[in-house]
1. Can you confirm whether Ala47 is in contact (Cβ under 8 Å) with a residue 24 or more places away in the chain, surrounded by 11 or more Cβ atoms within 10 Å (Cβ to Cβ) and more than 16 Å from Arg107 (Cβ to Cβ)?
2. Answer yes or no: is there a residue in segment 87-97 that is of a type in the set (Lys, Arg), surrounded by 15 or more Cβ atoms within 10 Å (Cβ to Cβ) and touching a Ser or Thr at 6+ places or on another chain (Cβ under 7 Å).
3. Can you name every residue in segment 67-97 that is among the acidic types (Asp, Glu), over 13 Å from the mean Cα position of the chain (by Cα) and farther than 14 Å from Leu35 by Cα?
4. Could you list, ordered by first residue, the pairs with Cβ atoms under 9 Å in which the first is in segment 54-72 and within 13 Å of Gly95 (Cβ to Cβ) and the second is in a loop (DSSP other than H, G, I, E, B) and small (Gly, Ala, Ser), at least 6 apart or interchain?
5. For segment 79-112, give me each residue that is assigned to a loop (DSSP other than H, G, I, E, B), at pLDDT 95 or above and under 20 Å from Ile30 (Cα atoms).
6. Go through segment 68-78 and count every residue that is charged (D, E, K, R) and closer than 11 Å to Ile30 by Cα.
7. Of all residues in segment 50-82, which are aromatic (Phe, Trp, Tyr) and either crowded, with 19+ Cβ neighbours inside 10 Å or closer than 16 Å to Arg104 by Cβ (or both)?
8. Would you mind telling me which numbered condition in (1) closer than 13 Å to Phe31 by Cβ; (2) more than 14 Å from the chain's Cα centre (by Cα); (3) not aromatic (Phe, Trp, Tyr) Thr64 fails?
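The values are calculated or read from the model by the stated rules, or taken from the named source; none is laboratory data. All values derive from a computational prediction rather than experimental measurement. FYI the Cβ positions are ideal-geometry reconstructions off the backbone, even for glycines, and counts take in every protein chain you see.
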Amino acid sequence: MLREFKEKWTHQLFLKGKLINPRQTEILEIFRKSLANRGAYGIIGIARCFRVIDNNMDKTVSATEFSQAVKDFKIQLTADDVTFIFNQFDRNKDGRLDYDEFLRGVRGEMNS
């Protein structure tokens with residue numbers, strides 16, 4: 001039993017202080033790589049991508065806009081995967097992504 005626990009533990013990672021499993025890590029990497037392939041690997045490219053996703057130009061991205069963008073970008077993720085990514089990026093849990101949240105989600109935490 002202890003061996004099973006150790007094996008399970010070694011295959012889990014932390015994100016924002018929360019334990020996540022390898023599948024969730026894979027989902028985030030699929031999304032990040034897909035955006036990078038579309039030119040969103042630098043800050044300017046990520047900003048352009050954010051503006052494309054923000055359909056109503058209110059400088060935030062709703063869950064609906066985010067989900068539609070994943071479909072438009074032809075990223076092969078389930079609805080649950082998309083919800084997981086959106087919730088990971090939505091740091092203040094207001095149901096919308098501002099540019100800073102989106103940038104941190106796509107690029108990851110920056111070193112200070």
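1. Working: in contact (Cβ under 8 Å) with a residue 24 or more places away in the chain: yes; surrounded by 11 or more Cβ atoms within 10 Å (Cβ to Cβ): yes; more than 16 Å from Arg107 (Cβ to Cβ): no.
No.
2. Narrowing segment 87-97 to residues of a type in the set (Lys, Arg): 91, 93, 96.
Still in the list and also surrounded by 15 or more Cβ atoms within 10 Å (Cβ to Cβ): 96.
Add one more test, that the residue is touching a Ser or Thr at 6+ places or on another chain (Cβ under 7 Å), and what stays is 96.
Yes - at least one qualifying residue is present in segment 87-97.
3. In the first step, residues of segment 67-97 are kept if they are among the acidic types (Asp, Glu); the result is 72, 80-81, 90, 94.
Filter again for over 13 Å from the mean Cα position of the chain (by Cα), leaving 72, 94.
Passing the criteria: only Asp94.
4. Ser62/Gly95; Ala63/Gly95
5. Asp90
6. The initial filter retains those residues of segment 68-78 that are charged (D, E, K, R), namely 71-72, 74.
Remaining after also requiring closer than 11 Å to Ile30 by Cα: none.
The total comes to 0.
7. Step one: filter segment 50-82 for residues aromatic (Phe, Trp, Tyr), giving 50, 66, 73.
Phe50, Phe66 - these are the residues of segment 50-82 that are aromatic (Phe, Trp, Tyr) and either crowded, with 19+ Cβ neighbours inside 10 Å or closer than 16 Å to Arg104 by Cβ (or both).
8. So Thr64 meets the others, but not (1).
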